[in-house]
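See below for the structure under consideration.
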Amino acid sequence: MTIDYVRELYGTPFLKLVAQASRVHEVRHNYDDIQRCTLLSVKTGGCPEDCAYCPQAARYHTDVKAEKLMKAPEVLEAARNAKRNGATRFCMGAAWRQVKDGRDFEEVLEMVRGVTELGLEACATLGMLSESQAERLKEAGLYAYNHNLDTSRSFYSEIIHTRDYDDRLNTIGHVRKAGITVCCGGIIGMGESDEDRIQLLYTLASLDPQPESVPVNALVAVPGTPLEAQEPVDAFVFVRMIACARILMPDAKIRLSAGRLSLSEEAQTLAFLAGANSIFLGDKLLTTANPEPDADYRLFEKLGLGLRQETSFESERA
Ligand code: SAM
Ligand code: DTB
Ligand code: SF4
């Protein structure tokens, strides 16, 4: 794979691109199998980083209030609920720049052990990690670690100034080395160019091995953040990203992540056709709104997917 190939792919006429992605999807995956994941913000707000999209950065004046780390029992209650709603993966997010050893990290390890015991894929996103912290998360049963590259290397420095692209790549390396699966994707709609999206796709698909999980987020423009006035991303661009990701990373789970409230049911359906095979289930992402589970299940029913609450998880495991 070369950058020129990715450019050519990204520039393919829309219907041809979606059809090509759909062919790859049919061979490697199953349209009926859309993984549902639930997010929980276990440590909200007060983050020292300056990510321009993020409502949890302490320096921006958003409605998000800084909170202390949740306790494991409360997190496990939410995980049990998520499982009842049909989620098979539970992702815990912390608004930290990096993990610090000590009491809070021990509490997170307790959460990971509990979520794993429930039979859910435990995923966490806690900021930068050292090699030894990644090993301890692995020992506790962590299945996946989410750490996004977000955009191209060159646009990254316009969006975030408090860390750089190589910091991101280093943490991803530590996660990989510890034997945890990698969840790494990006955000579109931040004002990046087509070339930035192409570079992001190229970098993600060049990771060796490729990430097992690739979240594609549409920016949720939150009042108070520097990106509050961004226009919503065009659904055709969103689906184009999904299709390219599916073709370039044929075995990965491609996750239709943040921003679904601004996509119509038809646009989401096109994303599933183009290879998206996961959504976040639950009316909240980390701090912003997401569709109600009932609405998602109504869409699944219209699509004849046979995905249900409660029963689906047991039958998937059977
Ligand atoms: N602090 C950790 C970090 O930055 O890796 C973990 C939590 S952070 C909120 C996880 C990811 O959420 C970010 O990398 C970004 O891709 C995504 N995200 C944050 N705010 C977003 C927004 N307003 N719209 C879309 N995605 C967003
Ligand atoms: C990812 O790529 N998207 C999720 C998850 N990883 C952690 C987070 C989306 C956050 C959207 C903004 C919010 O709700 O705070
Ligand atoms: Fe902090 Fe993560 Fe938000 Fe950046 S994206 S401000 S690191 S919580």
Residues of segment 257-278 being within 16 Å of ligand 2 (Cβ to nearest atom), open to solvent by less than 50 Å² (accessible area, probe 1.4 Å) and among the hydrophobic types (A, V, I, L, M, F, W, C), in sequence order, are Ala258, Leu263, Ala271, Ala276
Condition set open to solvent by 20 Å² or more (accessible area, probe 1.4 Å) and in a helix (DSSP H, G or I), scope segment 170-195, selection nearest to Pro250 (Cα to Cα): answer is Arg176
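Yes/no matrix, rows are residues, columns are (1) outside any loop (DSSP other than H, G, I, E, B); (2) within 16 Å of ligand 3 (Cβ to nearest atom):
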position	(1), (2)
Gly119	no, no
Ser132	yes, no
Arg163	no, yes
Asp166	yes, yes
Criterion: touching a residue at least 40 places away in the same chain (Cβ under 8 Å), more than 16 Å from ligand 1 (Cβ to nearest atom) and buried (at least 18 other Cβ atoms within 10 Å of the Cβ) - qualifying residue of Ala94, Ala82: Ala82
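Table: residues versus (1) more than 16 Å from ligand 2 (Cβ to nearest atom); (2) in contact with a strand residue (DSSP E or B) (Cβ under 8 Å, 6 or more places away or on another chain).
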site	(1), (2)
Tyr60	no, no
Lys68	yes, yes
Val75	no, yes
Cys91	no, yes
Gly119	yes, no
Gln133	yes, no
All but one of (1) out of contact with any Asp or Glu (no Cβ under 7 Å at 6 or more places or on another chain); (2) crowded, with 17+ Cβ neighbours inside 10 Å; (3) over 20 Å from Cys54 (Cβ atoms) hold for Arg89, so report the exception by its number. (1)
Residues Val64, Val75, Val42, Val24: which one is touching a Pro at 6+ places or on another chain (Cβ under 6 Å) and either within 16 Å of ligand 1 (Cβ to nearest atom) or aromatic (Phe, Trp, Tyr) (or both)? Val64
So which strands (runs of 3 or more DSSP E) stay within segment 213-318 end to end and still have 1 or more residues that are small (Gly, Ala, Ser)? 213-218, 278-280
Counting only helices (runs of 4 or more DSSP H) wholly inside segment 1-114, the ones holding at least 3 residues that are under 23 Å from the mean Cα position of the chain (by Cα) and of a type in the set (A, V, I, L, M, F, W, C) are 14-28, 72-84
For segment 21-45, which residues satisfy the criterion of being among the charged types (D, E, K, R), touching a residue at least 24 places away in the same chain (Cβ under 8 Å) and open to solvent by 40 Å² or more (accessible area, probe 1.4 Å)? Arg28, Asp32, Asp33
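Taking the condition under 21 Å from Gly93 (Cα atoms) and either surrounded by 20 or more Cβ atoms within 10 Å (Cβ to Cβ) or more than 11 Å from ligand 1 (Cβ to nearest atom) (or both), does Leu281 pass?
Against the criterion (under 21 Å from Gly93 (Cα atoms) and either surrounded by 20 or more Cβ atoms within 10 Å (Cβ to Cβ) or more than 11 Å from ligand 1 (Cβ to nearest atom) (or both)), Leu281 qualifies.
Quick test for you: out of Pro215, Pro211, pick the one residue that is crowded, with 22+ Cβ neighbours inside 10 Å and within 16 Å of ligand 3 (Cβ to nearest atom).
Pro215
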Of all residues in segment 215-246, which are within 14 Å of ligand 1 (Cβ to nearest atom) and of a type in the set (A, V, I, L, M, F, W, C)? Val216, Ala218, Leu219, Val220, Ala221, Val222, Leu227, Ala229, Val233, Phe238, Met241
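The values are calculated or read from the model by the stated rules, or taken from the named source; none is laboratory data. None of these values were measured; they are calculated from a predicted model. Here Cβ is always computed from backbone atoms with ideal geometry, including for glycine, and neighbour counts include all displayed protein chains. The area values use the complete protein model at the heavy-atom level, side chains included, leaving out ligands, DNA and RNA. Shrake-Rupley method; radii C 1.70, N 1.55, O 1.52, S 1.80 Å.
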